[in-house]
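So the structure is just underneath, and the comments pick up after that.
Computed from the coordinates by the stated procedures, all read-outs in this text should not be read as laboratory data. Given the structure is predicted, the values throughout are model-derived calculations rather than measurements. Positions of Cβ are generated from backbone atoms using ideal geometry, with glycine treated the same way; all protein chains shown enter the neighbour counts.
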Amino acid sequence: MKQFFLLVALASGLTASAQKKAADPKPFAASITEADLKKQLYIIASKEMEGRETATEGQRKAAAYIESQFSSLGLKPGNAGNFQMTYPVFRDSLIDSRLVVNGKTLELNNDFQPIIQLNSNSTLYFSEIVFAGHGIVDSAYDDYGSLDVKGKVVLVLDGGPASYKPKRGGFMAPNGTYAKIMNASKKGAAAVLLVGGNFPRRAMTPLGNMYTELYKETQTANAYIISEKAAETLIGSGWNDLKEQGKKAQVKGSLIKTNMELAFQKKVQFLQSSNVLGIIEGTDKKDEWLVITAHYDHLGKRGDVIYYGADDDGSGTVSVIEMAEAFAKAKAAGKGPRRSILFMTVSGEEKGLWGSEYYSNNPSLTLEKITANLNIDMIGRTDTERMKPDTLNYVYVVGDDKLSSDLKPISEAANSKYTKMVLDYKYNDPNDKDRIYYRSDHYNFARKGVPIIFYYDGMLKADYHKPTDTPDKINYILMAKRAQLVFYTAWEMANRESLLKRDIPLPAED
């Protein structure tokens, strides 16, 4: 009897061992072909998709197509029985804006322009304005000094003096428009006038930029860009001296007595966009997850001109579809992944990573159970600045040195065994001036602690964000090889025994 139970135990162990033995992924990777990628991309980046701008008919057509592909492959809906996860988008239309100084009505577009997205409906009357130099505030420099601007309108000069060297560049540079508006708001200003160039300006489009945050804890100061002529109307004969002084050095703030009416009225449009989510359920580790993403939105249309977005990021979108098909075939053959896989195409990336941000803040999965996110954003072309012999056999791999020490060994082993590409780590450099690590949808997973790898082909200056980013320019051989690399990496992550370690701190975003 003891011998019988020993034999049963041995047989059970051998069976379990056989079940854990990894299947060969090559037959399934081989289904990710140049022909299939090309067929899909000519649909996603077609005229009918109208450039796939977020919260437009073109984006909705693309979402419906991706959903149909996920459904036809047998993927399960990834959002409480739905393939799509919607999120709100808002857009303003300008009704009226007035700037009146001492009874003189200044002209919209000739003398001033409101910043529609930031402004709230109001009519404000002031008997004085506060001149606050350039309106710069940082750790070692404050143009406001002891000025009290609570409830007042603030006037600031453009840019910064030659003597000022900002510690931070980009969107939030202290000498930039947005930071000046935010700093005036933090100081309690009711409105801010920023002196700008290029007046008279083209008539404003009646529609402002889209945004996702309608409800806010506090409202920002209403903001207007005004011409130098308008600034002279406000300040008087001393304007030219003040302007010249401001080019060289910090300018002292002051109060200016004047009667001013600032009026602004807009209508808010309530729109929505969506992410598309499909699931392949795992076997013995189905409560753990791998997430594979790409953004399917692009820039839409400008008049009759379509921005096709074939590489950015039609290439990633169709690669996700083809990988979903490869894993679906593996599952149908009885060799499906141990972990469940969420295939997700997100929208709003071009607007500011909206779709992935919404998902990471409202996840359909437990984030702690996600082993990794593999994100694809542009893998169909070659970098125009890359002058190396391996130009037709490389991919930029970003983020594999962050968050988890497991990432790089898995990535490099998959590449060494199967695709043998050159993995270029250029954008892992902490001093990367393009800040690529922070600029695609993987970052919204990384900021929540999920290990990520981002696959990228580089900046294509000739066609990047231009109507000429079309599917006929894609290198489908190279694209297929890159997509297969992601698939092989995903295969290992979905089938390995343990979740990836989270043992490296998230780098701070400057």
**Prompt:** Using the 10 angstrom Cβ neighbour count as an exposure proxy, how do L277, L499, L365, L485 rank, fewest first?
**Reply:** L365, L499, L485, L277
**Item:** Where labels lie 7 Å past Cα in the beta-carbon direction, separation of K369 and A333 in nm
**Value:** 2.8 nm
**Entries of K286/K408; K388/K420; K433/K466; K331/K448 with Cα pairs more than 20 Å apart** = K286/K408; K433/K466; K331/K448
**Request:** Using a/c under 1.5 as the rounded threshold, could you call the stretch 349-483 rounded, prolate or oblate? The axes a ≥ b ≥ c are square roots of the C-alpha gyration tensor eigenvalues, and prolate needs a/b larger than b/c, oblate otherwise.
**Result:** oblate
**Request:** Find me the longest stretch of the chain that has none of the exposed GluC sites (Glu not before Pro), where exposed means in a DSSP loop (not H, G, I, E or B) with at most 10 other Cβ atoms within 10 Å.
**Result:** 1-212
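Is it possible to state the helix-based mean residue ellipticity at 222 nm for the chain, with each DSSP H run of 4+ residues giving -39500 (n - 2.57), the sum divided by total residues, to the nearest 500 deg cm²/dmol? What is it? Before the final figure, lay out the partial values.
Numbers: 13 runs with 140 residues, N = 510.
Result for the chain, helices only: -8500 deg cm²/dmol.
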**Message:** Under a crude label model (7 Å from the Cα following the beta-carbon direction), how far is A263 from E385 in nanometres?
**Reply:** 4.9 nm
**Request:** Starting with the fewest neighbours, write out K152, K252 ranked by other beta-carbon atoms found within 10 Å of each beta-carbon.
**Result:** K252, K152
**Prompt:** Tell me, what is the percent relative contact order of the chain, built from C-alpha pairs under 8 Å that lie six or more residues apart?
**Reply:** 20 percent
**Asked** How much length is gained if the chain between K252 and R168 is pulled fully straight, taking 0.36 nm per residue apart and subtracting their Cα-Cα distance, in nm to one decimal?
**Response** 27.9 nm
**Request:** Work out from phi, with θ = phi - 60° and the Karplus expression 6.51 cos²θ - 1.76 cosθ + 1.60, the ³J(HN,Hα) of each residue of the stretch 345-357, listed in order in whole Hz, and give x for Gly and Pro.
**Result:** 9, 10, 10, x, 4, 5, 8, x, 6, 5, x, 6, 5
**Complete:** Measuring from its Cα centre, the chain shows a charge dipole (+1 at each Lys and Arg Cβ, -1 at each Asp and Glu Cβ) which, in debye to the nearest 20, is 640 debye
**Request:** Enter the mean projected area of the convex hull around the alpha-carbon atoms of the stretch 172-318, in nm², rounded to one decimal.
**Result:** 15.5 nm²
**Message:** No solvent, one uniform scatterer per C-alpha: report log10 I(q)/I(0) for the stretch 364-436 via the Debye equation at q = 0.18, 0.23, 0.25 1/Å, two decimals.
**Reply:** -0.87, -1.27, -1.38
**Message:** Please report the projected area of the stretch 91-269's Cα convex hull averaged over all directions, in nm².
**Reply:** 10.1 nm²
**Prompt:** Once you have the alpha carbon radius of gyration of the chain, what is it after dividing by 2.2 N^0.38 Å, with N set to its residue count?
**Reply:** 1.16
**Asked** Where the eigenvalues come from the Cα gyration tensor of the stretch 146-209, what are the semi-axes √(5λ) of the equivalent ellipsoid, largest first, in whole Å?
**Response** 21, 18, 12
**Request:** With label points built 7 Å along Cα→Cβ from the Cα atoms of R435 and K150, find their separation and express it in nm.
**Result:** 3.3 nm
**Prompt:** Which of the pairs K187/K229; K285/K329; K38/K61 have their Cα atoms more than 24 Å apart in this structure?
**Reply:** K187/K229
**Fill in**
Expressed in angstrom and rounded, the centroid-to-centroid distance over alpha carbons for the stretch 482-510 and the stretch 339-395 is 12 Å
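Are there trypsin sites (Lys or Arg not before Pro) in the stretch 469-510 that DSSP puts in a loop and that have at most 15 other Cβ atoms within 10 Å, and which ones?
Numbers: sites: K473, K481, R482, R496, K501, R502; in loops: R496, K501, R502.
Qualifying residues, ordered by number: K501.
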**Request:** Take the alpha carbon atoms of the stretch 39-67, find their center, do the same for the stretch 250-311, and report the distance between the two centers in whole angstrom.
**Result:** 17 Å
**Asked** Where does each of H134, H298, H465, H442 land when they are ranked from fewest to most other beta-carbon atoms within 10 angstrom?
**Response** H465, H134, H442, H298
**Message:** Taking θ = phi - 60°, what integer Hz values does the Karplus form 6.51 cos²θ - 1.76 cosθ + 1.60 yield along the stretch 260-266, in sequence order, with x for Gly and Pro?
**Reply:** 9, 10, 10, 10, 8, 9, 9
